[in-house]
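**Student:** Mind looking over this structure? Questions follow.
The values are calculated or read from the model by the stated rules, or taken from the named source; none is laboratory data. This one's a predicted model, so the numbers in the text were calculated from it and none came from an experiment. So basically every Cβ, Gly included, is an ideal-geometry build from the backbone, and we count neighbours across all protein chains shown. To get the accessible areas, we keep the full protein, side chains included, count just its heavy atoms, and leave off ligands, DNA and RNA. Shrake-Rupley method; radii C 1.70, N 1.55, O 1.52, S 1.80 Å.
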Amino acid sequence: KAGVTQTPRYLIKTRGQQVTLSCSPISGHRSVSWYQQTPGQGLQFLFEYFSETQRNKGNFPGRFSGRQFSNSRSEMNVSTLELGDSALYLCASRGGNYGYTFGSGTRLTVV
Amino acid sequence: GEDVEQSLFLSVREGDSSVINCTYTDSSSTYLYWYKQEPGAGLQLLTYIFSNMDMKQDQRLTVLLNKKDKHLSLRIADTQTGDSAIYFCAEIRQKGGGADGLTFGKGTHLIIQP
């Protein structure tokens, strides 16, 4: 069974640009959530989608947005990038009452 | 407090047992998790425990849950060099309408001495 796939693995962007990250969950999983990992703040919850609807949102500015498609694939978008947005962005999928399975992440560097 | 708390570092000798501790915050948390992260990698789910359990054992891993003290621990028996990683404790906090995503501790760096 394929795991959670995140693309791209690495990304370098310039301040002010926008970026879109993609996540394909495990087949059959309908819940996808996103997390930001930085050395200073650790792992922080961004948002969770279930059946194309955002269920919960963490404490991040409106520059961070996401969506989920009918095939459960999800994208997150960050607009007007800031240096502080440099981080590892992790996507997790969940099926039923069980643990969240994470992808390998997308490492975003903003210069 | 608001945070899930873990010690930042733990150093053990190869072959000994490692015990990583965590204090969580939400007494209504239904599931508690342990994740492992190796350098440059994502998070690997090691094990989880449902809140109505006191203990769960899975091969070399033993999870103990003390709900009264909101204390969770992970014991790794016969620690090997491949266990060297950062270990994260996580809880799901409940709020009106559903869960609020995973809340993680800062992670414990497990260092293995030969």
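**Student:** Determine the pairs where a residue that is in contact (Cβ under 8 Å) with a residue 60 or more places away in the chain and on the phi > 0 side of the Ramachandran plot, located within segment B:1-28, has a partner that is in a loop (DSSP other than H, G, I, E, B) and surrounded by fewer than 17 Cβ atoms within 10 Å (Cβ to Cβ) with Cβ atoms under 7 Å apart, the partner being 6 or more residues away or on another chain.
**Tutor:** Pairs that qualify, where the first residue is in contact (Cβ under 8 Å) with a residue 60 or more places away in the chain and on the phi > 0 side of the Ramachandran plot and the partner is in a loop (DSSP other than H, G, I, E, B) and surrounded by fewer than 17 Cβ atoms within 10 Å (Cβ to Cβ), are B:GLY15/B:ASP78.
**Student:** Pick from B:GLY105, B:GLY101: which is within 13 Å of another protein chain (Cβ to nearest Cβ), crowded, with 19+ Cβ neighbours inside 10 Å, in contact (Cβ under 8 Å) with a residue 60 or more places away in the chain and not hydroxyl-bearing (Ser, Thr, Tyr)?
**Tutor:** The conditions single out B:GLY105.
**Student:** Can we say A:GLN68 is in contact with an Asp or Glu (Cβ under 7 Å, 6 or more places away or on another chain), more than 14 Å from every other protein chain (Cβ to nearest Cβ) and not β-branched (Val, Ile, Thr)?
**Tutor:** yes
Yes/no per residue for (1) within 13 Å of chain A (Cβ to nearest Cβ); (2) among the aliphatic types (A, V, I, L, M):
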position	(1), (2)
B:LEU10	no, yes
B:CYS22	no, no
B:LEU45	yes, yes
B:ASP69	no, no
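**Student:** Additional query: Could you list, in sequence order, the residues of segment A:8-20 that are more than 13 Å from every other protein chain (Cβ to nearest Cβ) and in contact (Cβ under 8 Å) with a residue 60 or more places away in the chain?
**Tutor:** Of everything in segment A:8-20, those that are more than 13 Å from every other protein chain (Cβ to nearest Cβ) and in contact (Cβ under 8 Å) with a residue 60 or more places away in the chain turn out to be A:PRO8, A:LEU11, A:ILE12, A:LYS13, A:THR14, A:ARG15, A:GLY16, A:GLN17, A:GLN18, A:VAL19.
**Student:** Quick one: A:ILE12 ticks every box in (1) among the hydrophobic types (A, V, I, L, M, F, W, C); (2) closer than 19 Å to B:GLY42 by Cβ; (3) part of a strand (DSSP E or B) bar one, so which box is it?
**Tutor:** Tallying (1) among the hydrophobic types (A, V, I, L, M, F, W, C); (2) closer than 19 Å to B:GLY42 by Cβ; (3) part of a strand (DSSP E or B), A:ILE12 fails exactly one: (2).
**Student:** Can you tell me which residue is nearest to the other protein chains (Cβ to nearest Cβ) among those in segment A:88-107 that are within 18 Å of A:THR20 (Cβ to Cβ) and either open to solvent by 40 Å² or more (accessible area, probe 1.4 Å) or without any contact (Cβ under 8 Å) to a residue 24 or more places away in the chain (or both)?
**Tutor:** Of everything passing the filter in segment A:88-107, A:SER104 is nearest to the other protein chains (Cβ to nearest Cβ).
**Student:** Out of everything in segment A:45-54 that is surrounded by 13 or more Cβ atoms within 10 Å (Cβ to Cβ) and more than 9 Å from B:GLY101 (Cβ to Cβ), what residue ends up being farthest from the other protein chains (Cβ to nearest Cβ)?
**Tutor:** So the residue we want is A:GLU52.
**Student:** Also, quick follow-up: Pick out the one residue from A:THR38, A:THR53 that is of a type in the set (Val, Ile, Thr) and within 20 Å of A:GLN6 (Cβ to Cβ).
**Tutor:** None of the others qualify; the one that does is A:THR38.
**Student:** Condition (residue is in contact with a Pro (Cβ under 9 Å, 6 or more places away or on another chain), within 15 Å of B:VAL4 (Cβ to Cβ) and crowded, with 17+ Cβ neighbours inside 10 Å) applied to segment B:83-91: is it met by at least one residue?
**Tutor:** Yes: segment B:83-91 contains one or more residues that are in contact with a Pro (Cβ under 9 Å, 6 or more places away or on another chain), within 15 Å of B:VAL4 (Cβ to Cβ) and crowded, with 17+ Cβ neighbours inside 10 Å.
**Student:** Give me the residue from segment B:30-50 that is within 14 Å of the chain's Cα centre (by Cα) and among the hydroxyl-bearing types (Ser, Thr, Tyr) and, out of that set, most open to solvent (accessible area, probe 1.4 Å).
**Tutor:** B:TYR48
**Student:** Does A:VAL111 count as open to solvent by less than 30 Å² (accessible area, probe 1.4 Å), in contact with a strand residue (DSSP E or B) (Cβ under 9 Å, 6 or more places away or on another chain) and at pLDDT 95 or above?
**Tutor:** no
**Student:** Within segment A:56-87, which residues are free of Cβ contacts under 8 Å to residues at least 24 places away in the same chain and assigned to a strand (DSSP E or B)?
**Tutor:** Result: A:ASN56, A:LYS57, A:PHE64, A:SER65, A:ARG67.
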